[in-house]
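**Student:** Sending over a structure as structure tokens; questions will come in a sec.
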Amino acid sequence: MLVNESWPQDEPTPIYFSSEDDARLQAVCVATEGAAFKELRNTAIVALFLASGVTAAELKQLRVDDLDVHGERPTVFVDKHGPRIARRVPIESFAVDVLREYREARSRIQAPTQWLFIATAGGKPMLPDTMLKCVRVALRRADLSAADESPHLLRNTFGRRLIIAGKTNEQVSNLMGLSSHRTATRLRQTLILSEASDAQA
């Protein structure tokens, strides 16, 4: 179930997936045997959104070498983009296999650009609408729906997952590339509201 908590009028309401629905979406972020490059790419895009909290604009600008799939815990380097700070984010374990497979497939394509995710054999970067479609297809596969079926939904879900795992607001903000703790504070408040609701039930 999509969770949409009440929030003061002057603050946007955080939209995110519950832990249960997060797990359902993670379960479809896997490579299928014999998948074509495009299908593998689309799955890898959703996996990276959900496993690292990058924005659509940041994902579009990722280069091949930014995704380090070596070692036990692969990471993605996200360069500074607008107000968001540069950072290296450890990739959640559920996405490691599909991202490793995609990285290998991408290395075999001799495109004239170094974008990690390419829309065409000519190396053009991904368009926002295409990334949005990738998310929506993955949600259908997981039998999920949301009022805002965008990469931002997955970013919020990633941030909230970090809080549930015990990360501080500062740690969450750093991993999401945020210079303030405002988003982390809002996401943490949803846990407090959820616990209060459970206590009253």
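**Student:** Given the criterion in contact (Cβ under 8 Å) with a residue 40 or more places away in the chain and touching a Ser or Thr at 6+ places or on another chain (Cβ under 7 Å), identify the matching residue among 85, 109, 15, 45. I'd like the intermediate steps shown before the answer.
**Tutor:** On the way: 109 fails: touching a Ser or Thr at 6+ places or on another chain (Cβ under 7 Å); 15 fails: touching a Ser or Thr at 6+ places or on another chain (Cβ under 7 Å); 45 fails: touching a Ser or Thr at 6+ places or on another chain (Cβ under 7 Å).
So the residue among 85, 109, 15, 45 that is in contact (Cβ under 8 Å) with a residue 40 or more places away in the chain and touching a Ser or Thr at 6+ places or on another chain (Cβ under 7 Å) is 85.
**Student:** Suppose we filter the range 111-143 for residues that are more than 16 Å from the chain's Cα centre (by Cα) and more than 26 Å from residue 63 (Cβ to Cβ); how many remain?
**Tutor:** Of the residues in the range 111-143, 3 are more than 16 Å from the chain's Cα centre (by Cα) and more than 26 Å from residue 63 (Cβ to Cβ).
**Student:** Determine, yes or no, whether residue 94 is in contact (Cβ under 8 Å) with a residue 12 or more places away in the chain, within 23 Å of residue 171 (Cβ to Cβ) and not acidic (Asp, Glu). Let's see the steps before the verdict.
**Tutor:** Details: in contact (Cβ under 8 Å) with a residue 12 or more places away in the chain: yes; within 23 Å of residue 171 (Cβ to Cβ): yes; not acidic (Asp, Glu): yes.
Answer is yes for this residue.
**Student:** Take the residues in the range 16-34 that are outside any helix (DSSP H, G or I) and out of contact with any helix residue (DSSP H, G or I) (no Cβ under 6 Å at 6 or more places or on another chain), then tell me which one is modelled with the highest pLDDT.
**Tutor:** Keep residues of the range 16-34 that are outside any helix (DSSP H, G or I), which gives 16-18, 28-34.
Retained after the next criterion (residues that are out of contact with any helix residue (DSSP H, G or I) (no Cβ under 6 Å at 6 or more places or on another chain)): 18, 32-34.
Details: 18: 96, 32: 89, 33: 89, 34: 89.
Going through the qualifying residues, I end up with 18.
**Student:** Still on this model: Condition first: small (Gly, Ala, Ser) and in a loop (DSSP other than H, G, I, E, B). Can you find one or more residues in the range 159-172 that meet it? Give the derivation first.
**Tutor:** Of all residues in the range 159-172, those small (Gly, Ala, Ser) come to 159, 165-166.
Add one more test, that the residue is in a loop (DSSP other than H, G, I, E, B), and what stays is 165-166.
Among the residues of the range 159-172, at least one is small (Gly, Ala, Ser) and in a loop (DSSP other than H, G, I, E, B), which makes the answer yes.
**Student:** Determine if the range 124-137 includes at least one residue that is surrounded by 19 or more Cβ atoms within 10 Å (Cβ to Cβ), touching a Phe, Trp or Tyr at 6+ places or on another chain (Cβ under 9 Å) and among the β-branched types (Val, Ile, Thr).
**Tutor:** yes
**Student:** Does the range 35-43 include one or more residues that are among the aliphatic types (A, V, I, L, M), closer than 23 Å to residue 128 by Cβ and out of contact with any helix residue (DSSP H, G or I) (no Cβ under 9 Å at 6 or more places or on another chain)? Write out each step before concluding.
**Tutor:** So in the range 35-43, the residues among the aliphatic types (A, V, I, L, M) come out as 35-36, 40.
Filter again for closer than 23 Å to residue 128 by Cβ, leaving 36, 40.
Right, trim to out of contact with any helix residue (DSSP H, G or I) (no Cβ under 9 Å at 6 or more places or on another chain) and you get 36.
Checked the range 35-43: at least one residue is among the aliphatic types (A, V, I, L, M), closer than 23 Å to residue 128 by Cβ and out of contact with any helix residue (DSSP H, G or I) (no Cβ under 9 Å at 6 or more places or on another chain).
**Student:** Only residues in the range 25-39 that are farther than 18 Å from residue 109 by Cβ and surrounded by 11 or more Cβ atoms within 10 Å (Cβ to Cβ) count as the first member; pair them with residues that are among the basic types (Lys, Arg) and at pLDDT 95 or above, Cβ under 6 angstrom, at least 6 apart or cross-chain, and list the lot.
**Tutor:** 28/141
**Student:** Follow-up. Consider residue 75 carefully, then state whether it is over 14 Å from residue 55 (Cα atoms), surrounded by fewer than 17 Cβ atoms within 10 Å (Cβ to Cβ) and either touching a Pro at 6+ places or on another chain (Cβ under 9 Å) or not aromatic (Phe, Trp, Tyr) (or both). Walk me through how you get there before you give the answer.
**Tutor:** Numbers: over 14 Å from residue 55 (Cα atoms): yes; surrounded by fewer than 17 Cβ atoms within 10 Å (Cβ to Cβ): no; either touching a Pro at 6+ places or on another chain (Cβ under 9 Å) or not aromatic (Phe, Trp, Tyr) (or both): yes.
No: the conditions fail for residue 75.
**Student:** Restricting to the range 144-161, what's the tally of residues that are within 27 Å of residue 174 (Cβ to Cβ) and over 15 Å from the mean Cα position of the chain (by Cα)?
**Tutor:** Total meeting the criteria: 1.
**Student:** Assess whether residue 119 counts as being surrounded by fewer than 17 Cβ atoms within 10 Å (Cβ to Cβ), within 26 Å of residue 27 (Cα to Cα) and not aromatic (Phe, Trp, Tyr). Full working, then the answer.
**Tutor:** Working: surrounded by fewer than 17 Cβ atoms within 10 Å (Cβ to Cβ): yes; within 26 Å of residue 27 (Cα to Cα): yes; not aromatic (Phe, Trp, Tyr): yes.
Yes.
The values are calculated or read from the model by the stated rules, or taken from the named source; none is laboratory data. Just so we're clear, the structure is a prediction, and the values are computed from it rather than from any experiment. So basically every Cβ, Gly included, is an ideal-geometry build from the backbone, and we count neighbours across all protein chains shown.
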